[in-house]
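This report refers to the structure that appears directly beneath it.
The values are calculated or read from the model by the stated rules, or taken from the named source; none is laboratory data. These numbers come from a predicted model, not from an experiment. Ideal geometry is used to build each Cβ from the backbone, glycine not excepted, and the neighbour counts take in all protein chains shown. Each accessible area value is taken on the protein alone, full model and side chains, heavy atoms only, with ligands, DNA and RNA left out. Shrake-Rupley method; radii C 1.70, N 1.55, O 1.52, S 1.80 Å.
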Amino acid sequence: MKQFKVSIPASSANIGPGFDSAGLALNRFLTLDVTEQEEWEFKHKSHFLPSFTDYADHFIYKIAKHTADRHQKTLPGCKVTVASEIPLARGLGSSASAVLAGIELANQLCDLSLTGEQKLQYGTDIEGHPDNIAASLFGGVVVTATTQNNQVEYVRMPSLDLDVVVCIPDSELKTETARSVLPANFSRKNATSASAITNVMIAALLSGDYHVAGKMMENDLFHEPYRAELIPNYENIRRKAKAKGAYGTVISGAGPTMISFVPKGKGAYIREQIEEGITGYTIAGLQIDQTGLEVN
C-alpha cells in the first residue's frame with residue numbers, strides 16, 4: 001500500500017514585463033496526503049479549496065486520470081487529504097499547483113517515472129503557458145519559452161537576494177477577465193520596446209542590480225497598462241511600496257494580487273508600512289521558495 005505526501009508551492013507569474021514567460025515560486029503551499037485504498041476519497045482541510053460533489057468531479061483527480069490515460073495506465077483508488085494556503089483566483093498560481101498535484105498523483109500511483117521536463121510539458125499543455133507551472137515545479141525564479149514545435153525550454157535563475165511582499169485583495173479576478181482587456185496585436189515598434197524592457201529586467205536580476213530590475217518591472221508594456229484598471233489600489237500600493245524601499249511592485253500573474261520585490265530582511269517592515277490605510281487586503285511578507293514540488 002502506497003502512502004506519500006506531495007507539496008507544491010504557490011507561484012507568481014510575469015514579474016511585470018516577463019509576460020507568460022517568467023515566474024517565481026512562493027512559500028505558500030498546496031499539500032496532498034495520499035494513502036492507497038480500495039475506493040477514491042477526497043477530503044479538504046482549507047477554506048481556499050473549492051467544493052465538489054463526487055471524486056470524479058474533483059479537478060486534481062481529473063488531471064491525474066488524464067495523465068494516467070496518456071500512459072495507458074489505470075489509477076488505483078486512494079484517500080487524498082488536500083490542504084491549501086493558496087487563495088483561488090488571486091494570481092498566485094492556484095490552478096498550476098493543482099495541475100501539478102494531479103500530474104504527480106498519477107506519477108506516484110502509476111509508477112510513471114516522469115522527468116521534470118515531462119511534468120513541465122504536461123502541465124503547460126493543460127495550463128496553456130509554462131510560467132506558473134515551471135516555477136512551482138522547479139522552485140526559484142524560472143524563465144521559460146515555448147518553441148514553434150510547442151516544446152518548453154526553461155532556465156532556472158540563481159537564488160535572488162530578495163524578499164517579497166504580496167497584497168492579496170479579498171475580491172477575486174478571473175484570468176479570463178484579465179486576459180480579455182489585452183490587445184490582440186502589438187505594432188513592431190511597441191513589441192520591440194516591450195521586449196527590450198523584459199531583456200533588461202532579466203539581465204538586471206541576474207547581475208543583482210535590483211534597482212534597475214525594479215524600474216523595468218514597473219515599466220511593462222505587455223499587460224500592466226491594460227490590467228491596472230482592474231486592480232484595486234494599483235497605484236496606491238505601488239506608490240506606498242516604492243516610498244518605503246521596494247525595488248518594484250507589479251501585478252502577480254493576472255491579478256488582483258500585487259507583488260513587491262524588496263531588499264532582503266526588509267519584508268516585514270515594508271509589509272507593515274503598506275498595511276497602514278489599506279483595508280480589504282491580506283498583506284504578507286513571503287520568501288521565494290527554492291525547492292519546488294516535493295514528494296515525501
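Summary of computed values
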{"quantity": "Rel. contact order, % - alpha carbon contacts under 8 angstrom, at least six apart, the chain", "calculated": "25 percent"}
{"quantity": "Trypsin sites (Lys or Arg not before Pro) restricted to DSSP loop in the range 145-212 with at most 14 other C-beta within 10 Å", "calculated": "Lys174"}
{"quantity": "Percent carbon-and-sulfur accessible area, the chain, ignoring ligands, DNA and RNA, probe 1.4 Å", "calculated": "47 percent"}
{"quantity": "Label-point separation in nm, Gln148 to Lys45, each point 7 Å along Cα→Cβ", "calculated": "5.0 nm"}
{"quantity": "Tail fraction, Cα-Cα pairs, the chain, threshold 32 Å, whole percent", "calculated": "25 percent"}
{"quantity": "Coordinate range along principal axes, alpha carbons of the range 255-296, Å, largest first", "calculated": "42, 24, 17"}
{"quantity": "Loop GluC sites (Glu not before Pro), the range 246-296 (other Cβ atoms within 10 Å of the site Cβ: 11 or fewer; DSSP)", "calculated": "Glu276"}
{"quantity": "Among Gly102, Gly292, Ser252 - extreme Cα towards positive end, dipole of the chain, charges at beta-carbon", "calculated": "Ser252"}
{"quantity": "Helix-only mean residue ellipticity at 222 nm for the chain, each DSSP H run of n ≥ 4 adding -39500 (n - 2.57), per residue, nearest 500", "calculated": "-10500 deg cm²/dmol"}
{"quantity": "At q = 0.13, 0.26 Å⁻¹, base-10 log of I(q)/I(0) for the range 114-186 (Debye sum, equal scatterers on each alpha carbon)", "calculated": "-0.54, -1.14"}
{"quantity": "Square roots of five times the Cα gyration tensor eigenvalues for the range 4-63, Å", "calculated": "29, 13, 11"}
{"quantity": "Accessible area expressed per residue, the chain, with surrounding protein chains retained (probe 1.4 Å, Å²)", "calculated": "44 Å²"}
{"quantity": "Leu182 paired with Asp54, simple spin-label distance in nm, labels 7 Å along Cα-to-beta-carbon", "calculated": "3.6 nm"}
{"quantity": "Eligible lysines near Lys43 by straight Cα distance, threshold 19 Å, same-chain separation 8 or greater", "calculated": "Lys2, Lys5, Lys62, Lys65, Lys79"}
{"quantity": "Rg in Å to one decimal, and Dmax rounded to a whole Å, for the range 138-253 via C-alpha atoms", "calculated": "15.4, 45"}
{"quantity": "Nearest-0.05 FRET efficiency for Asp125 and Asn190, computed from C-beta distance (R0 30 Å)", "calculated": "0.50"}
